[in-house]
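Trainee: The structure is given below, and queries will be raised subsequently.
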Amino acid sequence: MKSFFNAIANLFKKPVTTQYPFQPTYKPDDYRGLIGFNEDLCIWCRRCEAVCPPGAIVFSQDMEGKQTYHYNRAVCIYCGECVRSCPKEGAIFQTAEPAPCALKAENINNGWNKLFPEAIQSREAFAAEKKRKAAEAAKAKAETETKQQ
């Protein structure tokens, strides 16, 4: 019977919940939102990728050596480790913007599961090509030295 009277009393009290669409939700000053990236300030050290616990950041590399930053907001746990580990102030930063809902059309998980190994493979291919070119240069240098003697 006590529960019944509590229920009736709650009908006349002000609601505790926020009326979301009409009132914005409260965000504290230290709210950790999406990760931002400034390509102009980045020194491409890849520390953020190394310290990211869930692996939400990965860099790919083309054969000319240009690196590309990739970030998955659905994998990120918003811990801020990437921001703390970055040696260049402002290259990677945490915004107060909450992550939007992932849409099926974005294919955010399956796309990331395909992109991540491709990015690692692209860096390995670049390193192998660089090593091959260095070996060719060393061989050519050795041949020119033997011809000069």
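Trainee: How about the stretch 50-80: which of its residues are touching a residue at least 60 places away in the same chain (Cβ under 8 Å) and either under 17 Å from Gln94 (Cα atoms) or in contact with a Leu (Cβ under 9 Å, 6 or more places away or on another chain) (or both)?
Mentor: Looking only at the stretch 50-80, we keep the residues that are touching a residue at least 60 places away in the same chain (Cβ under 8 Å), and these are 55, 58-63, 65.
Hits for the stretch 50-80 are Gly55, Val58, Ser60.
Trainee: So how many residues does the stretch 19-49 have that are among the hydrophobic types (A, V, I, L, M, F, W, C) and within 14 Å of Gln94 (Cα to Cα)?
Mentor: First pass over the stretch 19-49, keeping only residues among the hydrophobic types (A, V, I, L, M, F, W, C): 22, 34-35, 37, 41-45, 48.
Adding the requirement that they be within 14 Å of Gln94 (Cα to Cα) leaves 34-35, 37, 48.
Going through the stretch 19-49 one residue at a time, the tally reaches 4.
Trainee: Additional query: Among residues belonging to the stretch 73-91 that are in contact with a strand residue (DSSP E or B) (Cβ under 8 Å, 6 or more places away or on another chain) and within 30 Å of Lys131 (Cα to Cα), point out the one that is surrounded by the fewest Cβ atoms within 10 Å (Cβ to Cβ). Even if it seems obvious, please write down each step before you answer.
Mentor: Pass one, the stretch 73-91, residues in contact with a strand residue (DSSP E or B) (Cβ under 8 Å, 6 or more places away or on another chain): 73, 76, 78, 80, 82-83, 86, 91.
Now narrow it down to the ones that are within 30 Å of Lys131 (Cα to Cα): 82, 86, 91.
Details: Cys82: 24, Cys86: 20, Ala91: 22.
Across the stretch 73-91, the extreme among qualifying residues is Cys86.
Trainee: Also, quick follow-up: Residues that are modelled with pLDDT of 95 or more, over 13 Å from the mean Cα position of the chain (by Cα) and among the aliphatic types (A, V, I, L, M): which strands (runs of 3 or more DSSP E) entirely in the stretch 30-127 hold 3 or more of them? Reasoning before the result, please.
Mentor: On the way: elements: 35-37, 57-61, 67-71, 92-94.
In the stretch 30-127, no matching strands (runs of 3 or more DSSP E) lie anywhere.
Trainee: Looking at the structure I just gave you, is Phe4 exposed (fewer than 10 other Cβ atoms within 10 Å of the Cβ), aromatic (Phe, Trp, Tyr) and part of a loop (DSSP other than H, G, I, E, B)?
Mentor: Numbers: exposed (fewer than 10 other Cβ atoms within 10 Å of the Cβ): yes; aromatic (Phe, Trp, Tyr): yes; part of a loop (DSSP other than H, G, I, E, B): no.
Criteria not met by Phe4.
Trainee: Does Lys133 satisfy the condition of being at pLDDT below 90, out of contact with any Leu (no Cβ under 6 Å at 6 or more places or on another chain) and not hydroxyl-bearing (Ser, Thr, Tyr)?
Mentor: Working: at pLDDT below 90: no; out of contact with any Leu (no Cβ under 6 Å at 6 or more places or on another chain): yes; not hydroxyl-bearing (Ser, Thr, Tyr): yes.
Criteria not met by Lys133.
Trainee: For residues in the stretch 34-72 being surrounded by fewer than 15 Cβ atoms within 10 Å (Cβ to Cβ) and of a type in the set (Gly, Ala, Ser), which is nearest to Cys82 (Cα to Cα)?
Mentor: The residue in question is Ala50.
Trainee: Would you mind stating whether Phe22 is part of a loop (DSSP other than H, G, I, E, B), hydrophobic (A, V, I, L, M, F, W, C) and either in contact with a helix residue (DSSP H, G or I) (Cβ under 9 Å, 6 or more places away or on another chain) or farther than 24 Å from Glu118 by Cα (or both)? Explain how you work it out, then say what you get.
Mentor: Numbers: part of a loop (DSSP other than H, G, I, E, B): yes; hydrophobic (A, V, I, L, M, F, W, C): yes; either in contact with a helix residue (DSSP H, G or I) (Cβ under 9 Å, 6 or more places away or on another chain) or farther than 24 Å from Glu118 by Cα (or both): yes.
When the stated conditions are applied, Phe22 passes them.
The values are calculated or read from the model by the stated rules, or taken from the named source; none is laboratory data. All values derive from a computational prediction rather than experimental measurement. Don't worry about glycine lacking a Cβ; one is built from the backbone with ideal geometry, like all the others, and counts go over all protein chains shown.
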